[in-house]
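Participant: Attaching a single structure in structure tokens format; questions to follow.
The values are calculated or read from the model by the stated rules, or taken from the named source; none is laboratory data. Owing to the predicted nature of the structure, the values given are computational and were not obtained by experimental measurement. Cβ: placed from backbone, ideal geometry, glycine included. Neighbour counts: every protein chain shown.
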Amino acid sequence: MPGRRPPRESESIVNKDRLTGLDASFLHIEDGSAHMHVAAALTFEGAPPPYEELVQSVDERLHLVPRYRQRVAFVPLGQGRPRWVDDPHLNIRYHVRHTALPEPGDEDQLRALAGRVFAQPLDLDKPLWEIWLVEGLEDGDGGERFAVLSKTHHALVDGIAGVDLMTVLFDTQPEPVVPPERGARWLARPMPSGAQLLGEALVERLGGPLEAVRAAGGAVRHPRRVLGGLAASAVGLGSFVSSSIRPAPSSPYNVEIGPHRRFAWVRWDLPEVKALKDELGGTVNDVMLTVVTLALGRHLYHRGISTEGLELRAFIPVSVRDEHGPGVTGNQVAGMMAPLPVWAREPTTCFDLISEAMIGLKQGGQAVGAKALTELSGFASPTIMSQAARLATRGRLFNLVVTNVPGPQLPLYLLGREMIDFVPMVPLAPGQGVGVAIMSYNGRIAFGLTGDWDAMADLDDLAGDLRAAISDLVEAAGVGAKKKAGRSRASA
């Protein structure tokens, strides 16, 4: 019996470059008000590098992240998921930009600039990333600093496990490391025509049933592993769907949003967070969710809104990468619907409620269930998936996104300058007026608060409520009293 014909090189390229159902959904959700890029504000010690030096550094490393040389090509008539194609007009200076703060160059000005930059959508006809070099930042004592604002579309990079351009730009030592050789000069592959894109997509759709048969063959070879996975997925699906079909409670955070953004941040020392986790008997993520919940409760109270019996719902992205599947590209992220009991004003009570709820969600396999749904999206009609993605954001499935990403616990350097802060930004989906992104770096934690310009005119007040919530939890747990030299405090 003749063997199956191996795929042609062109077929394997197309398969590799086809967006997953989840990645494509980020493009479907995007509209004039909701821009689906993740971002970060990075602060560095010392004088800024010359702009041309930064451009050269990016150019020398772009081959390490080849997806950053590609743009999205949409299939005509919506008959297939988009795919990545080489951009024949790639211009690095379009993507690496340069600006400066006016005097005095303080953090308030940097936050305002970040809000404006993060509010600008990425051009879907070009590679979906930007880097902004920001000069003129002072450290408060007259010293010099600079910042880098990065933007990358969610369809391009996995926020938890992916390798992005900023990753390859950093060194782990002050002396800049020479990047690996680029090899032969890069030449963009020809842009496929609309007819070619349509033909490829139709062939792939016809091949869908064959993939299902191959998957069934794998089930026969590994029945115990597959049945165990099916059982976990079934339980998780039940948990995830049951929490999703009930709409989240109404709140002032869930309104029609506009295109403009505000951005704020709060810092915290990681050792204090770990001390709280050890004292209270939960996880670092439990601590993060507790202070966010307490802050939201305070914020609603200050707005004159009753929180009695109110439990908001947060979407918590979690990594669901398969350890046995190296080389898988695209976002491998699902999520859990976590209750935020904003009615609980007593900090340790709030912590206990959240810790217990998170244990239940993990035992119920919500993340596994959500992963199963995202995998099913890969077999659905692209038109159906587009409509489903938009409808999902209009049904108020959750009140806000809270994402917590562990970062490197060692100093990183950009062209010999040490990075001292890494503040993440999470995008706002339609109907989501506020979002919280959390990231640890080199012994510190940064909360990045994204707010719709109109819905969250008091975003700085929410940042103040978060600082107060941190202090309240530290005091209630008695962690600060155990430090001889006093406790570290959350700072602006």
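Participant: Tell me which residues, restricted to region 399-455, are over 19 Å from the mean Cα position of the chain (by Cα), among the acidic types (Asp, Glu) and not assigned by TED's automatic domain parsing to the domain that holds residue 261.
Facilitator: Of everything in region 399-455, just one residue is over 19 Å from the mean Cα position of the chain (by Cα), among the acidic types (Asp, Glu) and not assigned by TED's automatic domain parsing to the domain that holds residue 261, namely 418.
Participant: Since residue 386 meets every condition but one in (1) buried (at least 18 other Cβ atoms within 10 Å of the Cβ); (2) at pLDDT 90 or above; (3) part of a helix (DSSP H, G or I), which condition does it not meet?
Facilitator: Result: residue 386 passes all but (2).
Participant: Quick check: is even one residue across region 36-55 within 29 Å of residue 190 (Cα to Cα), touching a helix residue (DSSP H, G or I) at 6+ places or on another chain (Cβ under 7 Å) and part of a helix (DSSP H, G or I)?
Facilitator: Checked region 36-55: at least one residue is within 29 Å of residue 190 (Cα to Cα), touching a helix residue (DSSP H, G or I) at 6+ places or on another chain (Cβ under 7 Å) and part of a helix (DSSP H, G or I).
Rundown of residues vs (1) part of a loop (DSSP other than H, G, I, E, B); (2) charged (D, E, K, R); (3) at pLDDT 85 or above, yes/no style:
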{"position": "329", "(1), (2), (3)": "yes, no, no"}
{"position": "343", "(1), (2), (3)": "yes, no, yes"}
{"position": "362", "(1), (2), (3)": "no, yes, no"}
{"position": "391", "(1), (2), (3)": "no, no, no"}
{"position": "410", "(1), (2), (3)": "yes, no, yes"}
{"position": "421", "(1), (2), (3)": "no, yes, yes"}
{"position": "424", "(1), (2), (3)": "no, no, yes"}
